[in-house]
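Here the structure comes first, spelled out in structure tokens, and everything after it is commentary.
The values are calculated or read from the model by the stated rules, or taken from the named source; none is laboratory data. Predicted, not measured: the structure shown is a model, and the values here were computed from it. All Cβ positions, glycine included, derive from the backbone under ideal geometry; neighbour counts span all protein chains shown. In case anyone asks, the SASA skips ligands and DNA or RNA and just uses the protein heavy atoms, side chains included. Shrake-Rupley method; radii C 1.70, N 1.55, O 1.52, S 1.80 Å.
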Amino acid sequence: MRTVRRYLGGHACGEHVVAARVPAEYDAAVVIPVRAEEPDFVGALRSASTDLRVLAVVVVNARVDDPPVVHARNASCLRVLARRGRTRELDDGVLWVEAGAPDLLLVDRSSPGRAFGARDGVGLARRIGGDIVTALWAERRLRTPWIHNTDADAELGRDHFAESASERDAVALTHTYWHEPSGEPALDEAVALYEIGLRWYVAGLGAAKSWWAYSTLGSCMSVRVDAYAAVRGMPRRQAAEDFYLLGKVAKLGSTRRPEGARVRLASRASDRVPFGTGPGVRRLMAMRLEGRGPSLYHPDSFVLLAETHRRIRAFAADPEGGLGPTSEPLAVAWHAVGLEHGLRAAMRSATSEPQRLLRAFEWFDAFRTLKLVHALRDRDLPPLPWREALGRFEATEHLAHADGLDAIRNALAALEPTTAGKPPSLNSDS
């Protein structure tokens, strides 16, 4: 609790103070950033809120330079949501709505004088919501220490909130997900192929025994409040805020994938963020019109990543020996990410092999892992057509000629590890 109070006192967004004025206690709380959405998304939370009292912290946001239509849709959304039940104004621009299954906490960051700056976006929206939930825990108005995150295009499973209560040791949860078909064949194909790309990367990391083999979708993640506070909250980014938050939190402990019902995501192509699912789907649809197909990271990238992990472990055992000779592609990629120099600096103060191993993999984190894969991609291992990539990787070769994108998505999902992040065996620095 000391870490949480220190964070709230020195780093949290100002909106967190409304937590002390919320006139109820909750079993769970979920943060939903909303920008130019229809208000009916709240109905998708009902099935997950029937057995628990849930508070949805809805941060309706727009940038000052957004077109008028975005601000108008946000204003309409706020009006409709405010009429869902008994209301109480907690602060300027913050309204509590006793709606049941779930109740709502509406944060207006779209109206004149409240809109985000031109460089802010979904990361700030999630941070505002996450800070409020953290404060709810500190004020003892929240019974479980989890900040659940989702999006307006997601439908949560019935046990979504309940399953987190049994997670005692994890610092983060990355819930299973599935993009539901829209009925538009071209869009559904592009979404399925985009999801295959996401799952391919996680499956490759899992095969390489990476600590960072977990999905990073903001609509499907939950973070424990003390871990959230320890890394000073959600990054204020316009995109990839989920990747960077989980990358920090996973250094503190294990990241678990619960076995409960999937988060069902709508298939759509949007421009709400500069990169991510929406823009990626739009790009795939444009490629199809041009007669081009998608590609995946070269499978040898993950083979060389596994080799990198082996060399790092040997280096932690014997730092005087160096990383040792290796293939030219890997040597070039190591140089591109500054591997040996970074590892030596990270391990400098460590006095035992377990300490050196921990420091080494804290440095060679999710971001540097991705950077290494990109270095291999950009020089020696360019992406392959997606079916060829599947066929050239031992873990997925049986999928190269599989019928149906759904079968491939399911098979790749099964390859995602159930536990990632910092291994429990390294929880002590001794």
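From the list 389, 317, 407, which one is over 18 Å from residue 250 (Cα atoms) and in contact with a strand residue (DSSP E or B) (Cβ under 7 Å, 6 or more places away or on another chain)?
389
Restricting to segment 150-200, give me the number of residues that are of a type in the set (Val, Ile, Thr) and not in a helix (DSSP H, G or I).
Result for segment 150-200: 4.
Scan segment 310-328 for residues that are surrounded by fewer than 18 Cβ atoms within 10 Å (Cβ to Cβ) and within 22 Å of residue 202 (Cβ to Cβ) and jot them down.
The answer is 310, 313.
Tell me which of these residue 281 doesn't satisfy, since it passes every other one: (1) closer than 25 Å to residue 70 by Cβ; (2) within 15 Å of the chain's Cα centre (by Cα); (3) of a type in the set (A, V, I, L, M); (4) open to solvent by less than 10 Å² (accessible area, probe 1.4 Å).
Condition (2) is where residue 281 drops out.
Would you please name the residue that is most open to solvent (accessible area, probe 1.4 Å), looking only at residues in segment 342-359 that are without any contact (Cβ under 8 Å) to a residue 40 or more places away in the chain and touching a Pro at 6+ places or on another chain (Cβ under 8 Å)?
Ranking the candidates gives 344 first.
Considering only segment 393-419, state which residues are in a loop (DSSP other than H, G, I, E, B), charged (D, E, K, R), over 23 Å from residue 288 (Cβ atoms) and open to solvent by 20 Å² or more (accessible area, probe 1.4 Å).
394
For segment 402-417, check the following and say yes or no: at least one residue is farther than 23 Å from residue 181 by Cβ and of a type in the set (Val, Ile, Thr).
The answer is no; no qualifying residue exists.
Determine if segment 120-128 includes at least one residue that is open to solvent by 50 Å² or more (accessible area, probe 1.4 Å), in contact (Cβ under 8 Å) with a residue 12 or more places away in the chain and in contact with a Pro (Cβ under 8 Å, 6 or more places away or on another chain).
Looking for residues that are open to solvent by 50 Å² or more (accessible area, probe 1.4 Å), in contact (Cβ under 8 Å) with a residue 12 or more places away in the chain and in contact with a Pro (Cβ under 8 Å, 6 or more places away or on another chain), one finds none in segment 120-128, hence no.
Determine if segment 156-168 includes at least one residue that is farther than 25 Å from residue 50 by Cβ, open to solvent by 10 Å² or more (accessible area, probe 1.4 Å) and among the polar types (S, T, N, Q).
Scanning segment 156-168, I find no residue that is farther than 25 Å from residue 50 by Cβ, open to solvent by 10 Å² or more (accessible area, probe 1.4 Å) and among the polar types (S, T, N, Q), so the answer is no.
Residue check: is residue 323 touching a His at 6+ places or on another chain (Cβ under 6 Å) and either farther than 30 Å from residue 240 by Cα or part of a loop (DSSP other than H, G, I, E, B) (or both)?
Here the answer is no, as residue 323 does not meet what is asked.
For segment 340-387, which residues satisfy the criterion of being closer than 27 Å to residue 408 by Cβ and either over 28 Å from the mean Cα position of the chain (by Cα) or not in a helix (DSSP H, G or I) (or both)?
Answer for segment 340-387, where residues must be closer than 27 Å to residue 408 by Cβ and either over 28 Å from the mean Cα position of the chain (by Cα) or not in a helix (DSSP H, G or I) (or both): 380, 381, 382, 383, 384, 385.
Considering only segment 356-392, how many residues are more than 22 Å from residue 292 (Cβ to Cβ) and in contact with a Lys or Arg (Cβ under 7 Å, 6 or more places away or on another chain)?
3
Which residues, counting only those in segment 37-66, are aliphatic (A, V, I, L, M), at pLDDT 95 or above and under 19 Å from residue 151 (Cα atoms)?
The answer is 54, 55, 56, 57, 58, 59, 60, 62.
What tally of residues in segment 1-16 results from selecting those that are in contact with a helix residue (DSSP H, G or I) (Cβ under 7 Å, 6 or more places away or on another chain) and either open to solvent by less than 10 Å² (accessible area, probe 1.4 Å) or assigned to a helix (DSSP H, G or I) (or both)?
Looking only at that region, the number is 7.
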